[in-house]
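The values are calculated or read from the model by the stated rules, or taken from the named source; none is laboratory data. Values in this document were obtained by computation on a predicted structure and should not be read as measured data. Cβ placement follows ideal geometry from the backbone for every residue including glycine, while neighbour counts extend to all protein chains displayed. In case anyone asks, the SASA skips ligands and DNA or RNA and just uses the protein heavy atoms, side chains included. Shrake-Rupley method; radii C 1.70, N 1.55, O 1.52, S 1.80 Å.
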There are 2 protein chains.
Amino acid sequence: MSSQSGLQITVIGAGHGGKAMAADLAARGYAVRLYNRTYENIEVIAIRGGIEITFEDGRRDIGYLRCVTSDIAEAIAGAQLIMVVVPASAHRDIALACAPHLKNGQVIVLNPGRTGGAFEFRQVLREANCTANVTIAEAETFLFASRSEGPAEAHIFRRKNTLPLAALPATQTETVLSLVQEVYPQFITARNVLYTSLNNMGAIFHPALTLLNAGWIEATGGDFEFYIDGVTPSIGRILERLDRERVTVATAMGVRAQSAQEWLARAYSAHGDTLHEAIHANPGYRGITAPRTLRHRYIFEDVPYSLVPIAELGRRFGVDVVGMEAMIQLACILHGTDYRHRGRTLKRMGLEGLSLTEITRLVETGEDESSQP
Amino acid sequence: MSSQSGLQITVIGAGHGGKAMAADLAARGYAVRLYNRTYENIEVIAIRGGIEITFEDGRRDIGYLRCVTSDIAEAIAGAQLIMVVVPASAHRDIALACAPHLKNGQVIVLNPGRTGGAFEFRQVLREANCTANVTIAEAETFLFASRSEGPAEAHIFRRKNTLPLAALPATQTETVLSLVQEVYPQFITARNVLYTSLNNMGAIFHPALTLLNAGWIEATGGDFEFYIDGVTPSIGRILERLDRERVTVATAMGVRAQSAQEWLARAYSAHGDTLHEAIHANPGYRGITAPRTLRHRYIFEDVPYSLVPIAELGRRFGVDVVGMEAMIQLACILHGTDYRHRGRTLKRMGLEGLSLTEITRLVETGEDESSQP
């Protein structure tokens, strides 16, 4: 398969996901540039000129890349579509690095944004006085389940059938989709970034399951099935409570978020009277072992960039998020850091002092107080 | 061994601990009456007239009881020493039941009080307008490690060498000790009930270890060593944090509490650079398996009657107890109840509105505002 569109794509980040996406796109004939901050991690790719990829169906290919670089200016020059595939903790640094080099019309997609990724990216560009007229969008989660076994290798296990995406503001979503759907027709419209940000299921599952199985993880090196063994009936009830807090925050902001049970039913056809039952009814969770250590992105990414921003929005709009706060507090103690302070606060998202009406206007049309005449 | 003292002792509560204490005392010749609220649970003892007991050294005996009853008036009439051996959740009901029948000079010892047991007992007697001049005391923990394998059987595994006890007020401690040391010379003086209440190590160990191993407990029915497997380095650090909060609450109230590490060194000669190391250095913890279920007194007793009162005192005196609060919150969600409301609040302890000076005067001399002229 080869593309004739001439679409210039930059993939930012050469972890498991970034290598898979870059190789997948390049193998299909797109002009792909791959950026990684640390050149050592992409040196082998640069020498070989591409990434070997194996697909879901066992097929193998090589994705030859146009450019492999740790120079952000070189990476994004001329790109129409910039796919950011980095941990949410790096969004800020990527935005800062891109800011001086962005050009009008470029589209930046956060894969995924976790919670508030587009808000934070936009805010950083504003603070860096970036005047280029770019569009920022965020995906609800990552398109692939993928793993990289070697420095220039990628393997895609599964691909989601549909993946909601929203631009900030939502008036730009169709423009972004017309671009990204050319390469990934799985992307579908989310109403706005509050939907992609508040339907972040990792916020609910990852920290709680890690913390409530903390002893087990550390004592055994994660030698148990994370969702099957780690979600007992009581743990399921705690997840339900956290999930209800998340959905209530969304409701308070005028957003009809999916419950975890609705999401399991839609995404995996996994049904159950309780969340515990629905999780156990999902064959996709079988065989997924627990993290091997408590120093894991399920805490150090999902607490500051998923739970913290949801809890911040909850407090701002009068929702009881004490369950989330307990998880955040435990994570802070576990890692000896202040994830509340280091995470995505309202201020970092550029939402401090905005009313719900103003936030809604911002996500829908891009207008906010400071852009009023 | 037989006693000639004629000391009349009532043991309140016929659980593992109550049966062991009643049988131990009776076997040594004391006149012992045993009370239990539910008669069915003591019927076999009443029929047999006593409790078979096996001791630490393998010796067997039978403790014949003077009276086995669920009539509290009959149970405590004429008793000089009333040993309360019930979960802290029952202290209130026991106090209410005793209130109309108490006589001047009787001594009530809570074995143990957990945190604030003597305060709550005193407060309930006051609210019930009990005018008898009785003395309330609390022990720091329970004297035995004991288990009851049958309806009229008890087994004592281990006996503590020393066990701090304080009366409320502390001016009565020596009077109480002169009585209880006749039967148990292991009792020693604690400075006042703030010491016995704030040196409650179960508050630190029990809820946190249960919650941070919740999935493991429920998935395996507690099939691992609670302290040896369940206390990993990270869990140890969380325990250290909670313990520091407890010791800081004590310090803020002018009490020099022992740290968990100091306590392990003193009580078990278990030393280590970290709490994790010290716990693993304690042979007494080997072989203790985890709770089989999350419906366990480590949550439903230790959260409302240990953590909640310590956290209440912390908030009252300006100490950051966010770690404890996270544990309390998690326990509330786990059990679907409000342990903060149901637990030992300042109000239930009769401490609401009292300044530190007033609380100190209360524990030292028994005077408080309402007993001022």
Relative contact order [Cα under 8 Å, 6+ residues apart], chain B, whole percent
14 percent
Put +1 on the Cβ of every Lys and Arg and -1 on every Asp and Glu Cβ in chain A; which of A:THR173, A:SER306, A:TYR30 then has its Cα farthest towards the positive end of the dipole?
A:TYR30
Under 27 Å between alpha carbons, and skipping anything fewer than 8 positions from A:LYS160 in its own chain: which lysines qualify?
A:LYS19
Taking N as the number of residues in the protein assembly as shown, the ratio of its alpha carbon radius of gyration to 2.2 N^0.38 Å works out to 1.17
List of the stretch B:215-229 residues, accessible area with partners at least 20 Å² below that of the chain alone (1.4 Å probe):
B:GLY215, B:TRP216, B:GLU218, B:ALA219
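Quick one: accessible area per residue over the protein assembly as shown, 1.4 Å probe, rounded to a whole number of Å²? Can you show the working numbers first?
Numbers: 28650 Å² over 746 residues.
In whole numbers, the protein assembly as shown has 38 Å² accessible per residue.
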Taking all protein chains together and a probe of 1.4 Å, list B:ARG126, B:ARG59, B:ARG295 from the most accessible to the least accessible.
B:ARG295, B:ARG59, B:ARG126
Linear extension gain, A:ARG292 paired with A:GLU74, 0.36 nm per residue minus alpha-carbon span
74.8 nm
May I ask for the net charge around B:GLU140, where only other residues with Cβ less than 13 Å from the Cβ of B:GLU140 are counted and Lys, Arg are +1 while Asp, Glu are -1?
+3
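Over both sides of the A-B contact, add up the buried accessible area with a 1.4 Å probe and give it to the nearest 100 Å². Write down the numbers at each step before the final one.
On the way: alone 15390 and 15400 Å², together 28650 Å².
The contact between B and A buries close to 2100 Å².
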Could you sort the residues of the stretch A:306-348 by number and keep only those whose accessible area is reduced by 10 Å² or more in the all-protein-chain setting relative to the chain alone, 1.4 Å probe?
A:VAL322, A:GLY323, A:ALA326, A:MET327, A:GLN329, A:LEU330, A:ILE333, A:LEU334
Prolate/oblate/rounded call for the stretch B:202-358, Cα gyration tensor, a/c under 1.5 rounded
oblate
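Where the only charges are on Cβ atoms (+1 Lys, Arg; -1 Asp, Glu), what is the dipole of the stretch B:32-80 about its Cα centre, to the nearest 20 debye? It would help to have the intermediate numbers written out before the result.
Numbers: 6 positive and 8 negative charges, 21 e Å.
The dipole of the stretch B:32-80 has a size of about 100 debye.
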I'd like the Karplus ³J(HN,Hα) series for the stretch B:67-76: coefficients 6.51, -1.76, 1.60, θ = phi - 60°, whole numbers in Hz, and an x wherever there's a Gly or Pro.
7, 10, 8, 10, 9, 5, 5, 4, 5, 9
Probe 1.4 Å, all protein chains in place: accessible area of A:ASP93 in Å², nearest 10?
80 Å²
Residues with amide H under 5 Å from that of B:THR289, placed H, sequence gap 5 or more:
B:PHE226
Under 5 Å between amide hydrogens, which residues at least 5 positions from A:GLU56 or on another chain qualify, with H placed 1.01 Å from N in the peptide plane?
A:ILE156
Considering only the other residues whose Cβ falls under 11 Å of the Cβ of B:LYS19, what net charge follows from Lys and Arg at +1 and Asp and Glu at -1?
-3
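Based solely on its DSSP helices, what 222 nm [θ] is calculated for chain B when runs of n ≥ 4 H residues each add -39,500 (n - 2.57) and the sum is averaged over all residues, nearest 500 deg cm²/dmol?
Working: 17 runs with 154 residues, N = 373.
Result for chain B: -11500 deg cm²/dmol, rounded to the nearest 500.
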For B:GLU262, place a label point 7 Å from Cα along the Cα-to-Cβ direction in every copy; what are the distances to the other copies, in nm, shortest first?
5.4
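Within 10 Å of each Cβ in peptide B:7-13, how many partner chain Cβ atoms are there on average? Round it to a whole number, please. Provide the component values of the computation, followed by the final result.
Values: counts 0, 0, 0, 0, 0, 0, 0.
Whole-number average of other-chain Cβ neighbours for B:7-13 is 0.
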Per its Cα gyration tensor (rounded if a/c is under 1.5, else prolate when a/b beats b/c, else oblate), chain B is best filed as oblate
Residue-level accessible surface for B:VAL322, protein heavy atoms, 1.4 Å, Å²
50 Å²
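Please state the relative contact order of the stretch A:112-191 as a whole percent: Cα pairs under 8 Å, 6+ residues apart? Provide the component values of the computation, followed by the final result.
Values: 100 pairs, mean separation 21.3, N = 80.
Normalised by residue count, the contact order of the stretch A:112-191 is 27 percent.
Taking each residue of A:206-214 in turn, how many C-beta atoms of other protein chains fall within 10 Å of its C-beta, and what is the average? Can you show the working numbers first?
On the way: counts 0, 0, 3, 1, 1, 7, 10, 6, 11.
Per-residue shielding by partner chains comes out at 4.
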For peptide B:233-242, what's the mean number of Cβ atoms from other chains within 10 Å of each residue's Cβ?
4
Which percent of the accessible heavy-atom area of the protein assembly as shown goes to carbon and sulfur, probe 1.4 angstrom?
48 percent
Long-range amide H partners of B:PHE187, meaning residues 5 or more apart or on another chain whose placed amide H is closer than 5 Å, are B:LEU163
Is the stretch B:46-104 rounded, prolate or oblate when judged by the Cα gyration tensor, a ≥ b ≥ c being the square roots of its eigenvalues, rounded requiring a/c under 1.5 and prolate requiring a/b larger than b/c?
prolate
